[in-house]
Structures are given as structure tokens and as C-alpha cells.
Amino acid sequence: MNYKNSKFYIENIPVKKLVRSFQTPFYCYSKSRLNENIKNFNKNFEKTKPLICFSVKSNSNSKLLKIIKNNGLGADVVSLGELQKALKVGFKPSKIVFSGVGKTMSELDFAIKKKILLINVESESELKNIISLSKNKKSLVNVGIRLNPNVNAQTIGKISTGRMQDKFGLAFKDAIKIIDKYKNSNSVRFKCLSVHIGSQILSNVPYQKMMRVVNSFLEKVSVNFEYIDFGGGMGIDYANKKKFDFKKLALEINKFSKRNECKIILEPGRSIIGNTAVLISKVIYIKENLKKDFIILDAGMNDLIRPALYNAEHMIIPANKSNKKSKKEYDFVGPICETSDRFLKMKKFQKLNEGDIVILKDVGAYGYVLSSNYNVRPMPKEVMVDRSKTQVINKRQSIKDLI
Ligand code: LLP
């Protein structure tokens, strides 16, 4: 995805051409970027060869999941719907892990029936439910214990998961107690210790701290885990600011796995899918105001909620670069009746006109999956480009569907 002769291309197709075929706003993915990301991820961790379970919550498009599965990855799911989708796409149960603080009896029952690799347990009550279900089935269920390592991931508070005040996982002492209490159960086997400290993490320091906590946990606990699941969270470079150092993390994880003689699971979402897509949108109106100029787009917070929800910054670029020198300061907003329906303020943007096409970058993770029908607006289409071919991988809802 890049400019050629001032025109933005997704693989071999200029955005302007895509807009002639598809009504804006729509998500557009690059298949080769997705394949490349997976290849790079594997390469970074080639020494450890972890089981990489793609975090389905970050993007659950079936066509994309199929590509991910065909690259040999497993799936990390957090609901019955995600689990069923992953199975339908063809992920092997032996490569599926199930996390989440609120798994219901019917979700647990289904997961046990399907004999997935792991259910990552987040409370004693959940473990008791698993035991009672497995007793009925006379089966031995493989579980992971999710530890809350009390580590600050140094990311946005709303996407931190590994601090004591966060709802996820079991506290150090509680996890030890529970393992001691149930380690001889005939119904569950503690196969894994799992941690996940947050998302969009850009520093290695929180991972190092997390590994130190896990190491001291392993010294105190009375079982040997076959797997350690370090979750996901590796951040991407949204605003040309900072890149996550994968090589460093890979080195440390490799050291860890050798020292502890265990297999590793990783659950990346954003780092696999985040930069594979853009949201293509049209300028409906330009509203010049005493204070600033608003660019009113046809995409709104129902199409991409990350800026409104987390103050996330998705860079905005023009589909066609102009060679004119004049630059403006613009506030890019959506059409929805909420002040928070606002994407980004950009200084020194090329002068835009109504009808121009702009591109919101890096929307592949937590983009479409968080879209909604707010204001009775149909959810956008998803399109994938594979070299010179386009494929609609999710059709746009129609207003009729919503009425
Ligand atoms: N594993 C578990 C248990 C998780 O809870 C998550 C994400 C992941 C893996 C994948 O994390 P990733 O590699 O994608 O950072 N909606 C927010 C992000 C929420 C993340 C939730 N958990 C956003 O748009 O930034």
C-alpha cells in the first residue's frame, strides 16, 4: 500500500479505481500484506516456534481468518460465536485457546465437547463449572490458569489488562491456592499458565516485568506446565512514532522457554492484521469555521470507533496527492450526531475539496469488528485486494436490513 505517481495504491489498484466500483465508506485489505505480516511474525520467533493463535476478536472476517489458518496459525477466541466461527473456518480444535472472564456454562460446555487445546480459566468459580461439566462427560479437560501479573503495560488505560485493578486473571496468591487445591482432580489438567497484559504495547519493559513475575510464579507452583501463553499485545506504529522491537521480545521469550523447558503460545491480533487495511471515505462537506475547518466525511464513529473510544490516532492521507503548495489545518469528523464522532486533527494537510477521497490508515485490527449500526447506519463493506484482483469479503448491509 503506497503512492505511485501521487496516487495511492492498494497492491496494483489505485484507490480512485476502487471507489468507482465500491460505494464509500468501505474497508479495504491487502492480502499480500497479511501474508507478509504472518511470515515476518514467524521469522521473528523462528527459534522458539511458538503456537501462534491469532486473536479473532481483532478481526473476525471469515475470508481473512481462512488466510490466517492456511498460514498455519491457530485461534484465540473469547466467545461462543468466535469459537464457532473459528471451527467453521477450519481451525483445528487442537490449535484453539479460549480466554475471557465471563464464559457461560453453555460456552464452556461447547468448548469441552469440541476438545479445544485450552480453556484459559480466570476464576475459581469458572474452574468449578468446568469440573462439573467434565464430570458429567467423564472427560479430562485441559485448562490454562490465567495469571494477573500486576504489571502496567504502559498503554492506554482502557486496553490494559494485567494490573491488579483490571478484571482479568487470578492474583498471584489465588492462582497458587487454586492450583494446589485442584491439581489432583480427575476432571481438569493444568496444562498452561497464561498471561496477557494489554494491547498496543510499544515497549519491551512490561513484557520483561511480566516474565519475571511468571518465573517467580513457576518457582512457587507445584505443577509443571506444558505451555506458557504470553498473550498478545504487541503494538504497531500508527503515527510514525515508535516501532515495537520484536527481535528483542523473541530473544527473551526464547531464553525463557529454554530455561523453563516449556512450549510457548502467543495470541497476537493487531500486529498481524492492524496495518493490512485502510478505510476509504469521501469528503461530503467542508465547513469553514472561525476557529477551524471541518472536513465532514461519509465515514463515522459507527464505521470506526477507535478514535472516539480511545483517542486513537489513525493517520489520514489523500487518495491523490496534489502538487499545490497550500496547506490547511483540518479537523476530520464524521456525520454522526455526537461531538465524539471525530477522527483526527491534521496540520498542514493538502487543500481538500468536497467529493475528494481520503484514506484512514491501519484499521485492520478492532476496526470493522467494533463497527455498529448507530444512527441506523449500515455497516460498511469489506473488500480485499490480491495483486490486481478485488474481492468483496463482506457485503455492505443495506438500510432495508436494519428496518
Ligand atoms: N489475548 C487476549 C486474552 C486479549 O484479551 C487480547 C486483546 C489479545 C490476545 C490480542 O491483543 P493484540 O495483540 O491485538 O493487542 N479494542 C481495543 C483493543 C482491545 C484488546 C483486547 N484484548 C483497541 O481497539 O485498541
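The values are calculated or read from the model by the stated rules, or taken from the named source; none is laboratory data. What you see is a predicted model; the values in this text were computed from it and never measured. We place every Cβ from the backbone using ideal geometry, glycine too, and count neighbours over all the protein chains shown.
Restricting to segment 72-107, count the residues that are away from the ligand (no atom under 16 Å from the Cβ) and buried (at least 19 other Cβ atoms within 10 Å of the Cβ). Count: 1. Sub-6 Å Cβ pairs linking a first residue in segment 364-393 that is farther than 17 Å from PHE22 by Cα and touching a residue at least 24 places away in the same chain (Cβ under 8 Å) to a second residue that is in a loop (DSSP other than H, G, I, E, B) and away from the ligand (no atom under 16 Å from the Cβ), at least 6 apart or interchain, are SER371/MET379; ASN375/ILE336; ARG387/GLU11; ARG387/ASN12, ordered by first then second residue. When segment 204-222 is examined, which residues are found to be surrounded by 15 or more Cβ atoms within 10 Å (Cβ to Cβ) and over 15 Å from SER257 (Cα atoms)? Those that are surrounded by 15 or more Cβ atoms within 10 Å (Cβ to Cβ) and over 15 Å from SER257 (Cα atoms): ASN204, PRO206, LYS209, VAL221.
Return the only residue of ILE264, ILE273 being in contact (Cβ under 8 Å) with a residue 24 or more places away in the chain and in a strand (DSSP E or B).
The unique qualifying residue is ILE264.
Exactly one residue among LYS137, LYS69, LYS92 is basic (Lys, Arg), at pLDDT below 95 and either in contact with a Lys or Arg (Cβ under 9 Å, 6 or more places away or on another chain) or closer than 20 Å to TYR366 by Cβ (or both), and that residue is LYS137.
Quick one: is SER187 of a type outside the set (D, E, K, R), touching a helix residue (DSSP H, G or I) at 6+ places or on another chain (Cβ under 6 Å), more than 16 Å from the ligand (Cβ to nearest atom) and at pLDDT 95 or above? Against the criterion (of a type outside the set (D, E, K, R), touching a helix residue (DSSP H, G or I) at 6+ places or on another chain (Cβ under 6 Å), more than 16 Å from the ligand (Cβ to nearest atom) and at pLDDT 95 or above), SER187 qualifies.
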